[in-house]
Amino acid sequence: MTETVLVTGAAGTIGRLMRPRLARPGRTLRLLDLLDQPPAGPGERIELVTASVTDPAAMTAACRGAAAVIHLGGISREAPWEQILAVNVDGTRTVLEAARLAGVPRVILASSNHAVGMRPVAEAGPGGVPANAPPRPDTYYGVSKVAVEALGSLYHDRFGLDVVCIRIGSCFPEPPGVRGLATWLSPDDGARLFEACLAAPSPGFRVVWGASDNTRGHYSLTEARALGYSPRDDAERFAEKILAESAPAPGDALLGGGFTTTPVGEPNPL
Ligand SMILES: NC(=O)c1ccc[n+]([C@@H]2O[C@H](COP(=O)([O-])OP(=O)(O)OC[C@H]3O[C@@H](n4cnc5c(N)ncnc54)[C@H](O)[C@@H]3O)[C@@H](O)[C@H]2O)c1
């Protein structure tokens, strides 16, 4: 039997890192983005969809026959409120509603550390910041991720969808700077975490942190491990190089790092 997994925002950083890593025999990846994407490589089992997550009809069509949705599509940094609201908040509601209408039983939502970005790192405690730490957004972008989680909770409680929200730290090929030594989610661990979210029997509604098993980490991984996630990477192997090349940045005493000092509503560097 083949299983189809719809991935939104598939042309972005995480989507491109996951495309080869989530390929499995018997699985078709339906890759959706506003942007064009490279065609299938040899033996690659994919379907490409060019559409907006804000388009209800296109999203309902894209959800048809899917076993799960991994929703990555949207604005991944600070931006004017109207854009954040339209793409991240309304877009996520559109994705969840499309999943409901098409009968997709499970949705995995990309949340972010910026949902709790104003929380001091020093408050992490020995077990790390719990995955359900209350909202403390650092930007309009962070507010949108709080709303993403709330929408996931609603669609679980009212419509019975399984929804897992991942508060992603920093998912890039290498940890970005000193803060990344604590927040890195290696691409391979990212794939392990998405697989755990896809495979966990009846997860209900959950919020988990998305990070590797970093020596300097300050997120609790207990909740993600309870889903079946077993991280294998640690940013520490990059520490010597990163510490020689860069210093902590303003804002690094807060979970959100540089986002906590960026002007609200203005596009910022990642
Ligand atoms: N990369 C990280 O470390 C990180 C950390 C925390 C959270 N996240 C979240 O994970 C998700 C993916 O992050 P990323 O780093 O790959 O971001 P990215 O900006 O590289 O990719 C986002 C993708 O979404 C697409 N997109 C934007 N608007 C769209 C729309 N209306 N319809 C369809 N597609 C649209 C873009 O074209 C892009 O390809 C985002 O939701 C982001 O907020 C990422």
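Placing +1 on the Cβ of every Lys and Arg and -1 on the Cβ of every Asp and Glu, with nothing else charged, gives the chain a dipole about its Cα centre of roughly 560 debye. Full extension of the chain between THR2 and PHE159 yields a length gain of 54.0 nm, computed as 0.36 nm times the residue separation minus the alpha carbon distance. Positive end of the dipole of the stretch 3-260 (Cβ unit charges, origin at the Cα centre): among THR183, ALA68, PHE172, the Cα lying farthest that way belongs to ALA68. How large is the translational diffusion coefficient of the stretch 166-270 in µm² per second when you combine the Kirkwood radius over alpha carbon pairs with Stokes-Einstein at 25 °C and 0.890 mPa s? For the chosen part, D equals 170 µm²/s. Fewest neighbouring Cβ atoms within 10 Å first, the residues MET118, MET18, MET59 line up as MET118, MET18, MET59. Counting only Cα atoms, the stretch 1-138 measures 48, 34, 28 Å along its principal axes, largest extent leading.
Computed over the stretch 74-224, the convex hull of the alpha-carbon atoms projects to a mean area of 8.7 nm².
For chymotrypsin sites (Phe, Trp or Tyr not before Pro), no site in the stretch 109-176 is both called loop by DSSP and has at most 12 other Cβ atoms within 10 Å. Counting pairwise Cα distances across the chain, what percent come out greater than 28 angstrom? Of the Cα pairs, 30 percent sit more than 28 Å apart.
Taking the fewest neighbouring Cβ atoms within 10 Å as the starting point, the ordered list for HIS71, HIS218 is HIS218, HIS71. Only helices reaching 24 angstrom along their own axis (Cα) with mean Kyte-Doolittle hydropathy no lower than 0.0 count here, and for the DSSP H runs of the chain these are 140-159. Distant-in-sequence amide contacts of SER112, defined by a placed amide H-H separation under 5 Å and a gap of 5 or more residues or a different chain, comprise ILE168.
Quick check: the distance between the Cα centres of the stretch 58-98 and the stretch 151-204, to the nearest angstrom? Rounded to whole Å, the Cα centres lie 16 Å apart. The base-10 log of I(q)/I(0) for the stretch 16-75, evaluated at q = 0.28 Å⁻¹, reads -1.48 [Debye formula, identical scatterers on Cα atoms, solvent excluded].
We did not get these values from a lab; they are worked out from the coordinates using the rules stated. Note that this is a predicted model, so its numbers are computed, not measured. Backbone-built Cβ (ideal geometry, glycine too); neighbour counts: all protein chains shown.
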